[in-house]
Amino acid sequence: MRRTRLEVLLAAVLSAVVSLAAAETAPPGAPATPAAGSPATSSDTADAPQARIPFANHGGIYNWQVVDNRTVLIQSQSRKWYKATLFSPCFDLPFAQRLGFAANADGSFDKFSAIKVRRQNCPLVSLVETAAPAKTPKTKKVDVTTAAPAAAPAVPAK
């Protein structure tokens, strides 16, 4: 069964209300625990301030790189890198050759935006600034002119 964006939003709001109610009834000094069913967030995205890419609908996004089916690294025109964490797994994401970035009404891209892959709409949970991804080493080319020639098979004498 496919959930609509409204159902996903209602589930997130309900989860937030449940966690706030649990936090109010907990004794002072007790650590807050996330509600069951709420999306898992890593410690680096929970502590970092949420970012915003301006003019995403007018060339504000320069480059992107898929990490897995829930994470995309996005580079803005100012060459800053951002880590976009998705609300749920986006199954076509690792195989995508192009992405659509659904910007807000003001043209910016933030945690309230979505990434479109083929016919799947993937809403974001967070968008935080991050370091540039590590560059992959280039493959070494083999010079075929200096390679040793293949040995010819020996022909048996008659």
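Tabulated results
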item: Of all residues making up the stretch 63-88, the number that are surrounded by 16 or more Cβ atoms within 10 Å (Cβ to Cβ) and free of Cβ contacts under 8 Å to residues at least 12 places away in the same chain; result: 0
item: Given (1) assigned to a loop (DSSP other than H, G, I, E, B); (2) modelled with pLDDT of 90 or more, index of the condition A40 fails; result: (2)
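The values are calculated or read from the model by the stated rules, or taken from the named source; none is laboratory data. Since the model is a prediction, treat every value here as computed from it, not as a measurement. When we count neighbours, we look across all protein chains shown, and the Cβ atoms used for this are built from the backbone with ideal geometry, even at glycine.
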